[in-house]
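Trainee: If you scroll down you'll find the structure; I have some questions about it.
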Amino acid sequence: MITYQEERLHDFLEELKPILNNHYDELSVTKSFNLNPDYDRYLKLEDLGSFFIMTCRLDGQLIGYIAYFLTYPEGKWHRGIYSLYSNKINYCLYLSLRQYEIVS
């Protein structure tokens, strides 16, 4: 079964690292820079409420994620959907289906 949920990076960081490598391999055409995520910064931003991550799991196994980095325009912010400030949400999306047989 495929599930989607918000998870804390603190709880599954080690599980995410191999997926990040796959994401890098698929998207970085030239490999002119090394993958070097600033995990400490992401964890701090999560604690501050500025970083959120939704995961996609197949039978409990992590197969994808979407990560959101929120910025706060004009000092005003709230968690949720930004209708007036949608350009202030930055995200990164990855879903790996190559190694899984997904049947709908």
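Trainee: Just give me the residues in region 28-60 being surrounded by fewer than 10 Cβ atoms within 10 Å (Cβ to Cβ) and either of a type outside the set (A, V, I, L, M) or under 15 Å from the mean Cα position of the chain (by Cα) (or both), in sequence order.
Mentor: The initial filter retains those residues of region 28-60 that are surrounded by fewer than 10 Cβ atoms within 10 Å (Cβ to Cβ), namely 29-34, 36, 38, 40, 48, 59-60.
Within region 28-60, THR30, LYS31, SER32, PHE33, ASN34, ASN36, ASP38, ASP40, ASP59, GLY60 qualify.
Trainee: Can you pull out every residue in region 21-48 that is at pLDDT 85 or above and either under 28 Å from ILE2 (Cα atoms) or touching a Gly at 6+ places or on another chain (Cβ under 8 Å) (or both)?
Mentor: Hits for region 21-48 are PRO37, TYR39, TYR42, LEU43, LEU45, GLU46, ASP47.
Trainee: Also, I was wondering about something else. Can you name every residue in region 27-46 that is in a helix (DSSP H, G or I) and in contact (Cβ under 8 Å) with a residue 12 or more places away in the chain?
Mentor: Taking region 27-46 as the starting set, the residues that turn out to be in a helix (DSSP H, G or I) are 27, 39-46.
Answer for region 27-46, where residues must be in a helix (DSSP H, G or I) and in contact (Cβ under 8 Å) with a residue 12 or more places away in the chain: TYR39, TYR42, LEU43, LEU45, GLU46.
Trainee: Pairs under 7 Å by beta carbon, first residue within 14 Å of PRO18 (Cβ to Cβ) in region 50-68, partner among the hydroxyl-bearing types (Ser, Thr, Tyr) and modelled with pLDDT under 85, six or more apart or different chains?
Mentor: ILE63/SER96; ILE63/TYR100; GLY64/TYR94; GLY64/SER96; TYR65/TYR94
The values are calculated or read from the model by the stated rules, or taken from the named source; none is laboratory data. Being a predicted model, the structure only gives us computed values, none of them experimental. All Cβ positions, even for glycine, are placed from backbone atoms using ideal geometry, and neighbour counts span all protein chains on display.
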